[in-house]
Amino acid sequence: MITEKIILRLTFAVALIFALSQVNAKIVYQKEGSPHLIQEDIIIDNKDSIVIEPGAILILSPDVDIITNGVIIIEGTPEDPISLLPEVSEVGWGKIEITCPNKTSKIRNAKIVDGTIQSRYCDMEMDNVTFIINQTLAWNNPVVFVIDASVNFINSAIYGNNTGEGFQMLNSENVHVKNCFFSKIPDAVELTNIVGGLVSKNRFEYIPDDGIDLNNCTNTLIDSNIIIGAVDRGIELGSENNGNSENIMVKRNVLVGCGVGVILKEESYGHLINNTFYNNTIGVKCIADNGTRSGSTMNIQNCIFYNSLENDIFKDPDSEIITNYCISDSQLLNGINNIHANPMFIDALEYNFNLQEDSPCINAGDPDLPLDPDNTISDIGAYYFNTDTTGIYENNDFLQSIEIFPNPFVAEFNISVSNKFHPTVELFSLNGKKLSATIKKVTEPGRNKITVTPNSKIESGAIIICNISDQSYNSSFLLYHQ
């Protein structure tokens, strides 16, 4: 183990004593010599870069910070990722703090345990980054905080312990959070003063506060996310004293077991299209804010409300909810062409919200909305029913047949599928790189059992994609590697 003590900003008196410790050149950490033990702050006043190369491991002592006015480049590879780890388990090592206007810092293929990142004025690109939080964070301490800069946060994950906050973005016109996973982290994605943001195809599980929280955002799309078990709100659209949110599109999301599925508040305006709400205390809530602001307005189309514990929708006297072409199993909602019926999911208890072939949701959506991919009138709900019968098998039958276990897995996992299907199995990292695997198939009565053993190196805590396809149908599943 190599011990490194680097102090790059000192008072005049200390600088005289430790002049030899001054470093103004670019700092590079390599795989060779790892693990590198960092016991004191790294502070760079000038614009030089910090580069951490593939395979490098940094172990940081408690409260150690990496602070730079230059950019930081942490670029591992899927086969040779980078690790930033705490010296003392569950204590944490501090933060990476970046201040470098008009530049871009990059973090790819890395695991960061018990540390946080703050970037001001410096654009951030993060791809296949796993954050694991074991330490106790303050309630207002985000894992990633980007201010006055753009950010792409893709194919990544935050595994929390119900403390702190997740990804926060403040003051930007270019924010993408896509294909990410969030677990047990309060306010998992919080955007404030954002124009044109995109939060898409993410999965949120067991969030102790809000899943997605927007304040003073405009022209923002929240699309195709799955939010399970947000204690407070799955999606919150409002102000928090920053200004109201307007023109927010919430489309094709699934919200399960939340206190409130979607709330709109503080003079905000939003549009909900083709969402599925299941087992929430309240599906959609539209309110002012304790009398300090005027009401809000919500337009809801093509949405499913199923098994709401208290109300499908709720509004206060100052707010307005327009509900058309929606279905509820508990009531006939006010509006145009709403339906009171069971939506007929394949298996709601197993969170399979695909529609059965005789569902009343099929082709019952607003005909003025774009057609579904099978060129029929839009269905109601997040998942459309494919009426294109050119394939040999029905997609819903195929999806319903698949079982994967265990998940999380250690060395291997199993796929069980009806023996009328003969699927192809492929593994990918979250950044789309194909992973090598050994696949063994055994035919059992009524079922085909497929054992999958990844050959490619997969880091502990990483998420992989398992794609299972048969003829013209396919489905992808996220698996967690312990």
Dipole of the chain, positive direction: furthest Cα of 141, 375, 456, with charges on the beta-carbon: 456
Cα-centre dipole for the chain with unit charges at Cβ (Lys and Arg positive, Asp and Glu negative), debye to 20: 1200 debye
Hydrodynamic radius (Kirkwood) for the range 395-480, which is based on Cα pairs only, to one decimal in Å: 13.2 Å
Number of Lys pairs (Cα under 16 Å; 8 or more positions apart or on different chains) in the range 395-480: 6
For the range 105-226: rounded, prolate or oblate by the Cα gyration tensor [a/c cutoff 1.5]: rounded
Net length gained if the chain between residue 318 and residue 475 were fully extended (0.36 nm per residue, minus Cα distance): 52.1 nm
Calculated FRET efficiency for the pair residue 403/residue 79, C-beta based, R₀ 30 Å, to 0.05: 0.50
Computed lengthening from residue 88 to residue 453, 0.36 nm per intervening residue step minus Cα-Cα distance: 128.1 nm
Where labels lie 7 Å past Cα in the beta-carbon direction, separation of residue 140 and residue 120 in nm: 1.5 nm
Extension gain (nm, one decimal) between residue 329 and residue 173, 0.36 nm per residue minus Cα-Cα: 52.2 nm
Separation in nanometres of the label points that stand 7 Å from Cα toward Cβ, at residue 347 and residue 416: 1.0 nm
Three-way shape label, the chain, alpha-carbon gyration tensor, a/c 1.5: oblate
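Only the coordinates and a few stated rules stand behind these numbers; no lab work does. All values reported here derive from a predicted model rather than from experimental measurement. Every residue, glycine as well, gets a Cβ built from its backbone with ideal geometry; the counts of neighbours run over all protein chains shown.
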